[in-house]
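In what follows, a structure is listed as structure tokens, so that the remarks can point back to it.
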Amino acid sequence: MEWSDSWRGAFRIELRAEAVNLAWHGWPVLPGTYPAGAQWAGREVAELDGPAPVHHDWQERIGTKAEQVATWWAGHSYSILLATGHGVDAIEVDADLGRRAAVALRAAGVPVPIAATPSGRWMFLVSSGQPLRADWVADHDVHHYGRGEFVPLPPTPFQHGVVHWRVKPQICAWQLPRTSVVQDALTEAVLTDVVLTDAVHAPTDYGLVLGGLA
């Protein structure tokens, strides 16, 4: 998907407004590279992979106030990156597991901000400070983003789509759960899938017993 110059100029307003809103709520956002054809622009030289922070000293810019954040998006349609490990972490899973975990959280009455990428990854945003269990991470396609890392937030553009909210932070009153809350929901989603899979493949005898020949 090509992003034209005219579209990029109009979209910059939305990106800037969202970045300022996130910063105003205390989320550490940073400007990131943006798609330009098959590459990512925004740094001195276009790169093949992205999005990535525009500033090489991005870790020193964490915590910048909303007023300064607004100036970063004044002339470019930068991606919005969240520096994790500074109040907000992200737990990334595939879309199928993400949907089932979201159902479990909704059933429990625990709204959690969730963002989804065009490549089919879901990110559950949680408070920093509590890691996922190492044994759980090793057995599942999941990544916990913490200090020294970053993730894209809506409406960051990709070549083939835009990062979007599945559950907006406003729904949760900007409150973030502990990591364990999301891990419990993910565990329930995995166990539910196992039970359903076993039920589908279980033999169906309808309770009948075949009598043998005497």
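Values quoted throughout were computed directly from the atomic coordinates according to the rules given, and no laboratory measurement underlies them. Here the structure is a predicted model, which means the values were calculated and not measured. Positions of Cβ are backbone-derived with ideal geometry, glycine not excepted, and every protein chain shown enters the neighbour counts.
As an exercise, identify the GluC sites (Glu not before Pro) in the range 1-109 lying in DSSP coil whose Cβ has no more than 16 other Cβ atoms within 10 Å.
In loop regions of the range 1-109 (DSSP not H, G, I, E or B), the sparsely surrounded GluC sites (Glu not before Pro) are 2, 44.
Just in the range 77-179: which trypsin sites (Lys or Arg not before Pro) are loop by DSSP and have at most 14 other Cβ atoms within 10 Å?
In loop regions of the range 77-179 (DSSP not H, G, I, E or B), the sparsely surrounded trypsin sites (Lys or Arg not before Pro) are 133, 147, 178.
What are the residues whose amide H is under 5 Å from the amide H of residue 87, where those residues sit 5 or more places off or on another chain and H is modelled from the backbone?
Counting only residues 5 or more places away or on other chains, the set is 128.
Please work out the C-alpha center-to-center distance from the range 135-179 to the range 92-114 and express it in whole Å.
If you average the Cα positions of each part, the centres end up 11 Å apart.
Quote the charge dipole size of the range 30-162 about the Cα centre in Debye, to the nearest 20; the model charges only the Cβ of Lys and Arg (+1) and of Asp and Glu (-1).
Here the size comes out at about 420 debye.
Which shape class, rounded, prolate or oblate, goes with the range 83-165 when its Cα gyration tensor gives a ≥ b ≥ c as root eigenvalues, a/c under 1.5 marks rounded, and past that a/b bigger than b/c marks prolate?
Judged from the Cα gyration tensor, the range 83-165 comes out rounded (a/c under 1.5).
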